[in-house]
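Reading through the structure tokens given below for one structure.
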Amino acid sequence: MPVAVITGASSGIGRACAQAFLDAGWQVALLARRLEPLQALADGRANALPLACDVADEAQVEAAFAATVQRFGRVDLLFNNAGFMPAAALIDEISLTDWQRLIAVNLTGMFLCARAAFGQMRRQQPQGGRIINNGSIAAHAPRPGSVGYTTTKHAVTGLTKSLELDGRGFGITCGQIDIGNARTPMTTGITAGVRQPDGSLRPEAGMDVRHVAEAVLHMASLPAEATIPFLTIMASGMPWLGRG
């Protein structure tokens, strides 16, 4: 059975993807800061390994990947998913502390997990694997008041492109899924009303998070000879092409 590491697996997109991968027979390391929800998701399954891990902590990330390899023998996939979206704010309303926390999770955490996965995939035999980074529609176009979040998601696109290039000699591919308005605890306010560029508040369409899980599983299940470098999945009719 192939081996996946999924970060941010305790809720939202990460949890939905973890459930889909477990149901599909993958061996899955479930990573998040809170262990209890991971244990509930694992529910005694032999193919699940719940691991408490703060992705912004180098030592915890390295320990989590070491535990994964010790249990399952290798890493075939990293779904680099952990992240958060802060409340909307203009740049002069954002403290340096809040900025640094956002960068630590949404960007440094992505880097640390990708680094650990890439190193393992490069060393293992047979060599290779796949990394899928969770981007966002914000990687294409910002929402009002999203300077920090949008900046990190644009940076994730650079990470994805660089990893895809650097991994070619080792059988490592890297793709990115850009998601818009999946219904999760992080997006509960979308259907009530979201600030638009013209200053108005308008409800936006949402979609079941299972569609995201199915898309990530499809990307992960491709044979080594094929990859999807970028995939956008969003609620039909949500403002993306119409932002601005």
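Remarks
- Spatial offset of the range 15-50 relative to the range 107-176 amounts to 22 Å, using the alpha carbon center of each.
- Site pair ARG123 and GLU36 shows an inter-label distance of 3.5 nm when each label is modelled 7 Å from Cα along Cα→Cβ.
- You can think of it this way: the chain between HIS211 and TRP99 has 37.2 nm of extra reach, that is 0.36 nm per residue less the Cα-Cα gap.
- Were the residues from ALA63 through ALA24 laid out at 0.36 nm apart, the gain over their Cα-Cα distance would be 11.4 nm.
- Efficiency of FRET from Cβ geometry, PHE84 and ARG115, R₀ 35 Å, rounded to 0.05: 0.95
- Summing Cβ point charges (Lys, Arg +1; Asp, Glu -1) relative to the Cα centre of the chain gives a dipole of roughly 220 debye.
- When the chain is treated as a GNM with alpha-carbon contacts under 10 Å, the residue of GLU225, GLU62, GLU214 showing the greatest mean-square fluctuation is GLU225.
- Pairs of Cα atoms in the chain fall into 5 Å distance bins, from 0 up to the last occupied one, in shares of 1, 7, 14, 19, 20, 17, 11, 7, 3, 1, 0, 0 percent.
- Residue among GLY83, GLY158, GLY14 with the largest mean-square fluctuation in a Gaussian network model of the chain, springs linking Cα atoms under 10 Å: GLY158
- Nitroxide proxy distance, nm - points 7 Å out along Cα→Cβ at LEU231 and LEU165: 2.4
- Approximate spin-label separation ASP43-ARG195, in nm, with each point projected 7 Å along Cα-to-Cβ: 4.0
- Largest GNM mean-square fluctuation among ARG202, ARG74, ARG143, using the chain with Cα springs under 10 Å: ARG202.
No value in this document is a laboratory result; all are computed from the given coordinates. Just so it is clear, the structure is predicted and the values come from calculations on it, not from any experiment. Heads up, the Cβs are rebuilt from the backbone with ideal geometry, glycines too, and the neighbour counts pull from every protein chain shown.
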